[in-house]
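A quick write-up on the structure given underneath.
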Amino acid sequence: MKHSIVTSHTISHEVIATINTQRREVFGDDFSGDFEIDPTPTNNRLFMLVEDGHDLKAFGTLQSVQLTISDVSYVVRGIGNIVAIERGGGFGRYLMESIRTYLQDTEQIGLGFCAPHLVDFYNGCGYTVTTDYTSRFRFQDDTLNPTSYVLWFDPIGDFDHQLRQSQDFIYSNQPFW
Ligand SMILES: CC(C)(COP(=O)(O)OP(=O)(O)OC[C@H]1O[C@@H](n2cnc3c(N)ncnc32)[C@H](O)[C@@H]1OP(=O)(O)O)[C@@H](O)C(=O)NCCC(=O)NCCS
């Protein structure tokens with residue numbers, strides 16, 4: 001098993017096609033649309049890929065997201081599209097651990113949302129999972145993901161403290177990623 005990080009500029013046509021097919025199968029058609037190869041270099045969206053031999057086994061995305069709380073902005077990595085193509089073989093855990101290592105090495109906060117039945121999975125992979133802040137997340141005037149748990153990994157360790165400082169809304173510059 002190995003992992004790699006590619007950008008939406010460097011990802012291959014074959015891999016992005018597999019990811020788009022899997023996303024549609026797992027999350028449904030009403031998602032934000034297929035990912036496309038970006039013609040210009042950018043690292044706004046990263047893809048974490050887990051492969052076994054030449055087979056893609058799991059993937060997830062890390063989207064650059066700006067969060068603003070009471071005029072203070074944080075650039076975080078929005079964790080999304082977490083999928084193990086082959087389930088129950090440890091690929092999902094390896095994916096989330098690889099994302100954690102990347103966040104640790106680059107000193108970035110990673111933050112996403114998940115359904116209640118996945119709380120144990122993310123906890124087991126070393127992420128904090130809570131509903132404490134769910135209702136405060138906003139994109140424009142709408143709640144970001146009203147029924148979900150918020151999950152994050154913070155290598156620096158004071159994000160939770162910053163969130164607790166106020167009850168203000170946490171504005172995202174992106175719709176749910
Ligand atoms: C969630 C998902 C990524 C897990 O990947 P996976 O490769 O099947 O998980 P692993 O084999 O690495 O399991 C790791 C651990 O998590 C547990 N686990 C896996 N799926 C779980 C689930 N749905 N609920 C609770 N625990 C789960 C496993 O039992 C295992 O525990 P253990 O190490 O104590 O034995 C995978 O089920 C998936 O792709 N689901 C559909 C897409 C999805 O819902 N993505 C999340 C969006 S927020």
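All of the numbers you see were taken from the coordinates with simple rules; none came from a lab. Note that the structure is a prediction, hence the values are computed from the model and not measured. Cβ coordinates were reconstructed from backbone atoms using ideal geometry, including for glycine residues, and neighbour counts include every protein chain displayed.
Taken across region 31-47, residues that are of a type outside the set (Lys, Arg), touching a His at 6+ places or on another chain (Cβ under 8 Å), surrounded by 17 or more Cβ atoms within 10 Å (Cβ to Cβ) and in a strand (DSSP E or B) do not occur at all.
Report yes if TRP177 is of a type outside the set (Gly, Ala, Ser), buried (at least 16 other Cβ atoms within 10 Å of the Cβ), touching a Gly at 6+ places or on another chain (Cβ under 9 Å) and assigned to a loop (DSSP other than H, G, I, E, B), otherwise no. Yes. If you scan region 46-71, which residues turn out to be within 24 Å of ARG138 (Cα to Cα), away from the ligand (no atom under 11 Å from the Cβ), without any contact (Cβ under 8 Å) to a residue 40 or more places away in the chain and of a type outside the set (Asp, Glu)? Selection gives SER64 alone. Of all residue pairs spaced 6 or more apart or on separate chains, those with beta-carbon atoms under 6 Å, a first member in region 75-91 that is farther than 24 Å from PRO155 by Cα and a second member that is part of a strand (DSSP E or B) and among the aliphatic types (A, V, I, L, M) are ALA84/ALA58. Working only within region 110-168, note down all residues that are touching a Pro at 6+ places or on another chain (Cβ under 9 Å), assigned to a loop (DSSP other than H, G, I, E, B) and away from the ligand (no atom under 16 Å from the Cβ). GLN140, the sole residue that qualifies.
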